2 protein chains.
Amino acid sequence: MALPIPCDWLEVPQGHPFGLQTLPYGSFSSLHHPARRRVGVRIGDRVLDLTGAAERLLPGRAEDFRDGNLDRFLAAGDAAWAQVRAGLTTWLSQDQFRSALEELLTPADGVTMHLPFTVADYVDFYASEQHATNVGKIFRPAAAEPLAPNWRHLPVGYHGRAGTIVVSGTPVRRPCGQARPAGSDWPVFGPSSRLDFEVEVGFVVGTESVMGERVPAARFAEHVFGACLVNDWSARDIQGWESMPLGPFLGKSFATTISPWVVPLAALSHARVMSPSLRTDLAPYLADSGDWGLDIDLEVAINGHVVARPPYRTQYWNPAQMLAHLTVNGASLRVGDLFASGTVSGQERDQFGSLIELTWGGESPVDTGDGSGRTWLEDGDEVVITATASGPQGSRVGFGDARGQVLPAWPPEAGLP
Amino acid sequence: MALPIPCDWLEVPQGHPFGLQTLPYGSFSSLHHPARRRVGVRIGDRVLDLTGAAERLLPGRAEDFRDGNLDRFLAAGDAAWAQVRAGLTTWLSQDQFRSALEELLTPADGVTMHLPFTVADYVDFYASEQHATNVGKIFRPAAAEPLAPNWRHLPVGYHGRAGTIVVSGTPVRRPCGQARPAGSDWPVFGPSSRLDFEVEVGFVVGTESVMGERVPAARFAEHVFGACLVNDWSARDIQGWESMPLGPFLGKSFATTISPWVVPLAALSHARVMSPSLRTDLAPYLADSGDWGLDIDLEVAINGHVVARPPYRTQYWNPAQMLAHLTVNGASLRVGDLFASGTVSGQERDQFGSLIELTWGGESPVDTGDGSGRTWLEDGDEVVITATASGPQGSRVGFGDARGQVLPAWPPEAGLP
């Protein structure tokens, strides 16, 4: 099937990451309606008001978009997702819809984006072999095997805090907490001095499941609506002191940034690749996952300077395996569950998706292009994650960005007790 | 202030755990209105329809109860909580309200209880010194110190799955998952063979907080509405294999049972005791917590036979400390956040709050009164946690129960792949 071409009047340049191959969904408000959120679809450099468009052109589904976020649309299921995407493709590629749509388009740089859906449960995995290996080597340099014994048998994961997931652009306050200085056996309290980012890809659940029943990996595309970018901000000093024996908690829970656009799985069908884990001997529920690895090129910049380009295609565990694992014990899915990949790191040093890896535990600063360098994030630093995936006919599928600036610790004026 | 006495016509026996000293809140439906949930208040052996009572007697707050769960009431804040409790105490102790209330009372054994509030984020702590010590000794018998170095400095905790929190009475399916048999270096997949309970107390957040700002322990009673009982069902074999290095995940996420009645903090003011941690050298944010330890007597039974009586009063970390710790990094609170104590264990063997402790890692079965004994839970077993707290004038404050029966693994008929 030839890729439809956006109507000329839409002025979408050829090769634009938000052409008809992408059509991601988000929640926005504009100067015209600052208090009223709408569901939007990104096309080129503009945002289509889908809440308005559905009322005119697809009234049977208009209810899905009236709340101004994706919650009802996610719950509507995969037939509705396909129906709306087909509608959008038709409307935006055939001139006859111009009069209906033209006044529903707003420049993307003139809208405010909001959290696209209500996050139910948030799970973060640890699915990059290179990342897990790097972290193992940094923390246990003497160990013969940097990976834990379970790592190649299952996608290790844990629950994070759903209530502190924020949309791209929300400032992130440097967290305070306890940490134990090197060489000391007593902790100190204060602002984190080892603030880090983690470049991740997140997956958004639409269709819920029944508690007590497993969701097979083969049903991935029935349950998962799409993908977004995730910055799992991490305070390494807090995390290091608190994590024994129940895992990360306050070192992660202060903030997690997601990109405002959720890219539907239908836009990623040309990006599918085989995961390395599928070449190994796996439990049947993980072996039967299909080739849901994804060829996504990620990029992370500090203050505008790119510090790493992690390749998602190298991830050991794919998202269908993560979904199957997440539910293999009978845990149910809810609309709006988000599960993320964990830090994405490729084999080369400039493909590592976190500062702890890029600076090898803080030993050597990463170049930031202005001579200053960074071992850890400083107040005022802005971190931006962007990505594109392989699309049809050589096109690229855009993800937008996950952006956040570091604010000083609270209370900023008073210092700390 | 003398404790008001319930009106004679209410027929609440003296010493009843649901006298006027308690007045817990829940969500119920009845045969009269099976599809319509109401907020209920337990009084003696009956449930008062508070949704109806507020419409008649406190119309300014009626909106808080119209959804049939506690969500809006939790969000209404501590002044509203005090106002409603004062109203209930008056209505139920003065005969003039009989005609307004009588038809709003239903026998407690004739109603169906529902999840009392929408759970936002769920955090589980590890706050019992005896429990953490027991677990340390069971898993690391050779270690000189069973507690991790951080344990006495901060309340160790982690996030659990909010979407699989169920109300008392909901059956719990035995989870499947990967586990590594003793002596093997390769995992197997199948139903958990080490299914356990954990006796805990949970705390329900009403008033939200601002992201980036700390909630001091001294503000505990402004933010936390009340307490309930929690059974944090645990599959020890799954948990043991998966937890390195990010902590428990599928070994816990299949189900967590809570009691249907949320006991307001106002009912626990006579139960307050000093926590052991307050006698030690703590970071200021944990030292300033007040005496929010609680004198609660817990009890857990398997198939009607009491197997342990854990004393909550011995908990090292109190819930005000947990709240302060949870937010010290700026993580915000939402309406409906639930945080639990972790397993409550006293110093004596018959005060341990989990089978892994009662059977010392499965070494010696616990007596179940019928000669069969249990090392781990079997299909069909029913676990019931109950509790009362110290109330005014020698009274006891009841909590109701957290009850669940174990169903066979899924799919029960087909065996397992």
Item to check | Principal axis box of chain B, alpha-carbon based, largest edge first, Å | outcome: 71, 54, 38
Next on the checklist: Between B:GLY183, B:GLY369, B:GLY157, where does the largest GNM mean-square fluctuation fall for chain B, given springs only between Cα atoms within less than 10 Å?
Outcome noted: B:GLY183
Checklist entry - Hey, what did region B:1-142 get for relative contact order, percent, Cα under 8 Å, at least 6 apart? => result 27
Checklist entry - In straight Cα distance, which lysines are under 24 Å from A:LYS252, not counting same-chain residues fewer than 8 positions off? => result A:LYS137, B:LYS252
Next on the checklist: Counting only other chains, and only Cβ atoms inside 10 Å, what mean value do you get across the residues of A:122-133?
Outcome noted: 1
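Rounded to the nearest 0.05, what FRET efficiency do A:ARG98 and B:ALA79 give with R0 = 41 Å and r taken as the Cβ-Cβ distance? Could you check?
Step by step, r from the Cβ atoms, then E = 0.15.
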Item to check | D (Stokes-Einstein, µm²/s), Kirkwood Cα radius, region B:310-417, 0.692 mPa s at 37 °C | outcome: 188
Checklist outcome for this item: Where a ≥ b ≥ c are root eigenvalues of the Cα gyration tensor, a/c under 1.5 meaning rounded, otherwise prolate if a/b exceeds b/c and oblate otherwise, the protein assembly as shown counts as prolate
Checklist entry - Based on the Cβ-Cβ distance of A:ARG279 and A:THR90, what FRET efficiency does E = 1/(1 + (r/R0)^6) give at R0 = 60 Å, to the nearest 0.05? => result 0.90
Checklist outcome for this item: Expected integer from the mean partner chain Cβ neighbour count at 10 Å over A:211-218 is 4
Item to check | Pairwise label distance in nanometres, A:GLN347 with A:ALA218, each label 7 Å out on the Cα-Cβ vector | outcome: 3.3
Item to check | Stretchable slack from A:VAL188 to A:ASP288, in nm (0.36 nm times residue separation minus alpha-carbon distance) | outcome: 31.2 nm
Item to check | Average projection area in nm² (convex hull over Cα atoms of region A:1-120, one quarter of hull surface) | outcome: 7.6
Checklist outcome for this item: Between B:TRP9 and A:ARG140, the two model label points (7 Å from Cα along the beta-carbon direction) sit apart by a distance in nm of 7.0
Item to check | Ordering of A:81-87, A:196-202 by packing [mean C-beta count within 10 Å, highest first] | outcome: A:196-202, A:81-87
Checklist entry - For label points placed 7 Å from Cα toward Cβ, what is the shortest-first list of nm distances from A:GLY371 to its copies? => result 8.8
Next on the checklist: Please report the residue of chain B with the smallest beta-carbon distance to the B-to-A rotation axis, and give that distance in Å, no decimals.
Outcome noted: B:GLY247, 1
Checklist entry - Pulled fully out, how much extra length does the chain show between B:TRP360 and B:ASP67, if you take 0.36 nm times their separation in residues and subtract their Cα-Cα distance? => result 100.9 nm
Checklist outcome for this item: Quarter of the surface of the C-alpha convex hull for region A:215-331, i.e. direction-averaged projected area in nm², equals 9.4
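Each value in this text was obtained by applying a stated rule to the coordinates, not by laboratory testing. Quantities reported herein were computed from a predicted structural model and do not represent experimental measurements. Neighbour counts run over all protein chains shown; Cβ positions are idealised from the backbone, glycine included.
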